[in-house]
Amino acid sequence: MAYSIHILHMFPDLLNLYGDKGNIECLRKRLEWRGIEATVTGCTYDDRVMDFSKTDIVFLGGGSDREQKIVCSELLKYRDRLKDYVENGGVLVAVCGGYQLLGKYYALPDEKIEGLNILDIYTEHGSPRLIGNIVLKNDSISQNIVGFENHGGRTYIGDHTPLGKVVKGFGNTGESGAEGVLYKNVVATYLHGPLLPKNPQLCDLILEKALKQKYPDFTALEPLDDAMENRANTYMQDIILKN
Ligand code: GLN
(Lines give C-alpha, C1' and ligand atoms only; values in the text may rest on other atoms or scores of the structure.)
Protein backbone atom coordinates (compact mmCIF):
# COMPACT_ATOMS: atom_id res chain seq x y z
CA MET A 1 0.00 0.00 0.00
CA ALA A 2 1.26 3.49 -0.85
CA TYR A 3 1.13 5.68 2.21
CA SER A 4 1.23 9.47 2.21
CA ILE A 5 1.28 12.10 4.94
CA HIS A 6 0.35 15.76 4.67
CA ILE A 7 1.93 18.23 7.12
CA LEU A 8 0.42 21.66 7.78
CA HIS A 9 2.96 24.17 9.10
CA MET A 10 0.98 26.91 10.77
CA PHE A 11 2.36 30.45 10.66
CA PRO A 12 5.88 29.63 9.42
CA ASP A 13 6.24 33.42 8.97
CA LEU A 14 5.56 34.23 12.63
CA LEU A 15 6.30 31.12 14.66
CA ASN A 16 9.74 29.86 13.72
CA LEU A 17 12.02 30.71 16.62
CA TYR A 18 15.48 29.08 16.62
CA GLY A 19 14.63 27.25 13.40
CA ASP A 20 11.64 25.22 14.59
CA LYS A 21 11.11 24.62 10.87
CA GLY A 22 13.92 22.04 11.00
CA ASN A 23 11.36 19.73 12.60
CA ILE A 24 9.26 19.82 9.44
CA GLU A 25 12.28 18.86 7.35
CA CYS A 26 13.02 15.97 9.69
CA LEU A 27 9.44 14.65 9.61
CA ARG A 28 9.43 14.89 5.83
CA LYS A 29 12.82 13.27 5.34
CA ARG A 30 12.18 10.33 7.65
CA LEU A 31 8.99 9.60 5.71
CA GLU A 32 10.70 9.90 2.31
CA TRP A 33 13.57 7.63 3.39
CA ARG A 34 10.91 4.97 3.94
CA GLY A 35 9.26 5.55 0.57
CA ILE A 36 6.28 7.35 2.12
CA GLU A 37 5.13 10.43 0.26
CA ALA A 38 5.28 13.61 2.33
CA THR A 39 3.75 16.94 1.41
CA VAL A 40 4.01 20.16 3.38
CA THR A 41 1.82 23.26 3.23
CA GLY A 42 2.80 26.43 5.03
CA CYS A 43 -0.13 28.52 6.18
CA THR A 44 1.10 32.07 6.74
CA TYR A 45 -0.74 34.85 8.53
CA ASP A 46 -1.94 36.20 5.17
CA ASP A 47 -3.17 32.84 3.82
CA ARG A 48 -5.71 32.23 6.56
CA VAL A 49 -6.79 28.95 5.05
CA MET A 50 -6.65 26.23 7.59
CA ASP A 51 -8.11 23.02 6.33
CA PHE A 52 -7.45 20.44 9.01
CA SER A 53 -9.56 17.82 7.20
CA LYS A 54 -6.76 17.12 4.68
CA THR A 55 -4.01 17.26 7.27
CA ASP A 56 -2.23 14.43 9.06
CA ILE A 57 0.23 16.46 11.14
CA VAL A 58 -0.28 20.06 12.27
CA PHE A 59 2.88 21.88 13.40
CA LEU A 60 2.72 25.01 15.53
CA GLY A 61 6.11 26.50 16.41
CA GLY A 62 7.29 29.04 18.95
CA GLY A 63 7.48 32.82 18.88
CA SER A 64 7.96 35.88 21.01
CA ASP A 65 5.14 37.18 23.19
CA ARG A 66 4.32 39.75 20.48
CA GLU A 67 4.04 37.20 17.67
CA GLN A 68 2.18 34.85 19.94
CA LYS A 69 -0.46 37.50 20.55
CA ILE A 70 -0.94 38.17 16.82
CA VAL A 71 -1.25 34.46 16.08
CA CYS A 72 -3.57 33.76 18.93
CA SER A 73 -6.22 36.28 17.97
CA GLU A 74 -6.19 34.79 14.44
CA LEU A 75 -6.21 31.20 15.66
CA LEU A 76 -9.19 31.72 17.93
CA LYS A 77 -11.28 31.91 14.74
CA TYR A 78 -10.27 28.32 13.95
CA ARG A 79 -10.43 27.12 17.52
CA ASP A 80 -13.43 24.78 17.17
CA ARG A 81 -12.03 23.17 14.03
CA LEU A 82 -8.66 22.59 15.66
CA LYS A 83 -10.32 21.25 18.82
CA ASP A 84 -12.37 18.76 16.73
CA TYR A 85 -9.22 17.74 14.87
CA VAL A 86 -7.45 17.03 18.18
CA GLU A 87 -10.39 15.25 19.81
CA ASN A 88 -10.71 13.02 16.74
CA GLY A 89 -7.08 11.92 17.08
CA GLY A 90 -5.38 14.38 14.71
CA VAL A 91 -1.64 14.74 15.30
CA LEU A 92 -0.57 18.16 16.54
CA VAL A 93 3.01 19.09 17.42
CA ALA A 94 3.28 22.37 19.34
CA VAL A 95 6.48 24.02 20.50
CA CYS A 96 6.96 26.66 23.22
CA GLY A 97 4.73 29.63 22.28
CA GLY A 98 2.59 27.20 20.27
CA TYR A 99 2.36 24.92 23.31
CA GLN A 100 1.27 27.80 25.56
CA LEU A 101 -1.41 28.80 23.03
CA LEU A 102 -3.13 25.43 23.40
CA GLY A 103 -3.99 26.23 27.01
CA LYS A 104 -6.63 28.41 28.65
CA TYR A 105 -4.46 31.51 28.85
CA TYR A 106 -0.97 32.97 29.05
CA ALA A 107 -0.85 35.60 31.80
CA LEU A 108 1.75 38.34 31.35
CA PRO A 109 2.33 40.99 34.06
CA ASP A 110 0.06 43.51 32.34
CA GLU A 111 -2.28 41.42 30.19
CA LYS A 112 -3.76 37.99 29.68
CA ILE A 113 -3.59 36.36 26.25
CA GLU A 114 -6.59 34.11 25.72
CA GLY A 115 -5.61 30.63 24.60
CA LEU A 116 -7.39 28.04 22.50
CA ASN A 117 -8.43 25.99 25.53
CA ILE A 118 -7.67 22.74 23.75
CA LEU A 119 -5.57 21.46 26.65
CA ASP A 120 -6.59 21.92 30.28
CA ILE A 121 -3.45 23.90 31.11
CA TYR A 122 -2.52 27.53 31.76
CA THR A 123 0.67 29.57 31.67
CA GLU A 124 1.86 32.42 33.88
CA HIS A 125 4.80 34.63 33.09
CA GLY A 126 7.59 34.41 35.68
CA SER A 127 11.09 35.60 36.27
CA PRO A 128 13.82 34.75 35.49
CA ARG A 129 13.44 33.23 32.04
CA LEU A 130 14.12 29.51 32.05
CA ILE A 131 16.93 29.12 29.55
CA GLY A 132 19.28 26.26 28.79
CA ASN A 133 19.80 22.77 27.48
CA ILE A 134 17.49 20.08 28.76
CA VAL A 135 17.30 16.27 28.93
CA LEU A 136 14.02 14.38 29.38
CA LYS A 137 12.99 10.80 29.93
CA ASN A 138 9.88 9.55 28.18
CA ASP A 139 8.95 6.01 29.22
CA SER A 140 7.74 4.83 25.82
CA ILE A 141 11.04 5.50 24.04
CA SER A 142 14.43 4.20 25.10
CA GLN A 143 16.44 7.25 24.05
CA ASN A 144 16.44 10.31 26.31
CA ILE A 145 15.12 13.44 24.60
CA VAL A 146 17.61 16.32 24.32
CA GLY A 147 16.79 19.93 23.53
CA PHE A 148 16.97 23.59 24.36
CA GLU A 149 14.42 25.70 26.24
CA ASN A 150 13.93 29.46 26.59
CA HIS A 151 10.68 30.62 28.13
CA GLY A 152 9.36 33.16 30.58
CA GLY A 153 6.09 31.25 30.96
CA ARG A 154 5.49 28.61 33.60
CA THR A 155 2.94 26.10 32.38
CA TYR A 156 0.71 24.27 34.83
CA ILE A 157 -0.59 21.06 33.26
CA GLY A 158 -2.99 19.79 35.94
CA ASP A 159 -3.85 16.15 35.33
CA HIS A 160 -2.32 15.98 31.86
CA THR A 161 0.45 13.49 31.12
CA PRO A 162 3.79 15.21 30.53
CA LEU A 163 5.94 14.49 27.48
CA GLY A 164 8.74 13.53 29.83
CA LYS A 165 10.35 13.74 33.23
CA VAL A 166 13.09 16.35 33.48
CA VAL A 167 16.49 14.69 33.95
CA LYS A 168 18.32 18.03 33.66
CA GLY A 169 16.90 21.49 32.95
CA PHE A 170 13.71 23.37 33.90
CA GLY A 171 10.68 21.98 32.04
CA ASN A 172 7.12 23.26 32.46
CA THR A 173 7.58 25.33 35.60
CA GLY A 174 11.18 24.87 36.70
CA GLU A 175 9.89 23.00 39.74
CA SER A 176 7.39 20.32 38.78
CA GLY A 177 9.93 17.93 37.25
CA ALA A 178 7.63 17.56 34.24
CA GLU A 179 8.07 18.79 30.67
CA GLY A 180 5.47 19.24 27.95
CA VAL A 181 2.16 17.45 27.50
CA LEU A 182 1.03 14.32 25.69
CA TYR A 183 -2.71 14.32 25.06
CA LYS A 184 -4.34 11.97 22.53
CA ASN A 185 -2.11 12.62 19.49
CA VAL A 186 -0.88 16.03 20.67
CA VAL A 187 2.83 16.38 21.48
CA ALA A 188 3.43 19.76 23.15
CA THR A 189 6.81 20.84 24.44
CA TYR A 190 9.02 23.76 25.40
CA LEU A 191 11.93 22.21 23.47
CA HIS A 192 12.86 24.63 20.74
CA GLY A 193 14.60 24.67 17.40
CA PRO A 194 15.23 21.57 15.36
CA LEU A 195 14.32 19.15 18.13
CA LEU A 196 13.51 16.10 16.01
CA PRO A 197 16.78 15.58 14.06
CA LYS A 198 18.62 14.78 17.28
CA ASN A 199 15.71 12.81 18.72
CA PRO A 200 14.87 10.28 15.98
CA GLN A 201 12.77 8.09 18.27
CA LEU A 202 10.55 11.04 19.15
CA CYS A 203 10.22 11.90 15.46
CA ASP A 204 9.19 8.33 14.68
CA LEU A 205 6.72 8.30 17.56
CA ILE A 206 4.99 11.29 15.95
CA LEU A 207 5.10 9.75 12.46
CA GLU A 208 3.66 6.47 13.73
CA LYS A 209 0.82 8.31 15.44
CA ALA A 210 0.01 10.04 12.14
CA LEU A 211 0.23 6.87 10.04
CA LYS A 212 -1.88 4.82 12.47
CA GLN A 213 -4.47 7.58 12.63
CA LYS A 214 -4.74 7.74 8.82
CA TYR A 215 -4.30 4.05 8.06
CA PRO A 216 -5.84 1.88 10.80
CA ASP A 217 -4.02 -1.20 9.43
CA PHE A 218 -0.59 0.46 9.65
CA THR A 219 1.61 -1.46 12.05
CA ALA A 220 5.13 -0.02 12.40
CA LEU A 221 7.73 2.10 10.64
CA GLU A 222 10.69 0.40 9.05
CA PRO A 223 13.85 1.09 11.07
CA LEU A 224 16.41 3.49 9.59
CA ASP A 225 20.15 3.67 10.03
CA ASP A 226 20.21 6.27 12.80
CA ALA A 227 23.92 6.07 13.62
CA MET A 228 24.47 9.78 12.95
CA GLU A 229 21.30 10.91 14.73
CA ASN A 230 22.08 8.73 17.73
CA ARG A 231 25.57 10.18 17.92
CA ALA A 232 24.12 13.69 17.95
CA ASN A 233 21.76 12.66 20.73
CA THR A 234 24.39 11.05 22.96
CA TYR A 235 26.89 13.84 22.27
CA MET A 236 24.33 16.40 23.51
CA GLN A 237 23.40 14.27 26.51
CA ASP A 238 27.05 13.94 27.50
CA ILE A 239 27.55 17.70 27.35
CA ILE A 240 24.33 18.55 29.18
CA LEU A 241 24.60 15.96 31.92
CA LYS A 242 28.26 16.79 32.66
CA ASN A 243 27.54 20.49 33.28
N1 GLN B 1 6.55 33.88 24.83
C2 GLN B 1 6.74 32.68 25.51
C3 GLN B 1 7.61 32.76 26.76
O4 GLN B 1 8.61 33.45 26.80
C5 GLN B 1 7.26 31.66 24.55
C6 GLN B 1 8.54 32.07 23.94
C7 GLN B 1 9.06 31.09 22.99
O8 GLN B 1 8.33 30.52 22.13
N9 GLN B 1 10.35 30.91 23.13
O10 GLN B 1 7.30 32.10 27.71
Run through segment 173-243 and list the GluC sites (Glu not before Pro) located in a DSSP loop whose Cβ has at most 14 other Cβ atoms within 10 Å.
E175
For segment 99-243, restrict the atom set to alpha-carbon positions and state the Rg and Dmax in Å.
16.0, 50
Around G126, which amide H atoms from residues at least 5 apart in sequence, or from another chain, sit under 5 Å from its own amide H, with H modelled in the peptide plane?
G153, R154
Row for segment 103-145, column shape: gyration tensor on C-alpha, a ≥ b ≥ c, rounded if a/c < 1.5 i.e. under 1.5, prolate if a/b over b/c, else oblate; value oblate
Going from the alpha-carbon gyration tensor of the chain, what semi-axes, largest first and in whole Å, does one get by taking the root of 5 times each eigenvalue?
25, 23, 15
To the nearest 0.05, the calculated FRET efficiency linking K212 and E37 through their beta-carbon distance, R0 being 25 Å, is 0.90
Classify segment 33-149: rounded, prolate or oblate, from the alpha-carbon gyration tensor (a ≥ b ≥ c, eigenvalue square roots; a/c under 1.5 rounded; otherwise prolate if a/b is larger than b/c)?
oblate
Under 24 Å from the Cα of K104 - lysines, other chains or at least 8 residues apart:
K69, K77, K83, K112, K165, K184
Among DSSP bridges having both ends in the chain, what percentage is antiparallel? Round to the nearest 5.
50
Net charge around K184, counting only other residues with Cβ within less than 13 Å of its Cβ (Lys, Arg = +1; Asp, Glu = -1)?
0
What percent do you get for the relative contact order of segment 170-243 when only Cα pairs under 8 Å and 6+ apart count?
21
Okay, helix-only estimate at 222 nm for the chain: each DSSP H run of n ≥ 4 adds -39500 (n - 2.57), divide by all residues, round to 500 deg cm²/dmol; what do you get?
-8500 deg cm²/dmol
Any lysines whose Cα falls less than 16 Å from that of K29, other than same-chain ones fewer than 8 residues away, would be K21, K198
Using amide H atoms built 1.01 Å from N in the peptide plane, name the residues 5+ places from K184, or on other chains, whose amide H lies under 5 Å from its own.
none
For H192, H125, H6, what's the largest-to-smallest order of accessible area, 1.4 Å probe?
H125, H6, H192
If each K or R counts +1 and each D or E counts -1, the residues other than N138 whose Cβ falls under 13 Å of its Cβ total -1
So what's the net charge close to K165: Lys and Arg +1, Asp and Glu -1, counting the other residues with Cβ under 12 Å from its Cβ?
0
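The values are calculated or read from the model by the stated rules, or taken from the named source; none is laboratory data. Keep in mind the model is a prediction, meaning the values are calculated, not measured. Heads up, the Cβs are rebuilt from the backbone with ideal geometry, glycines too, and the neighbour counts pull from every protein chain shown. For the accessible areas, the whole protein counts, side chains as well, though only heavy atoms, and no ligand, DNA or RNA atoms are used. Shrake-Rupley method; radii C 1.70, N 1.55, O 1.52, S 1.80 Å.
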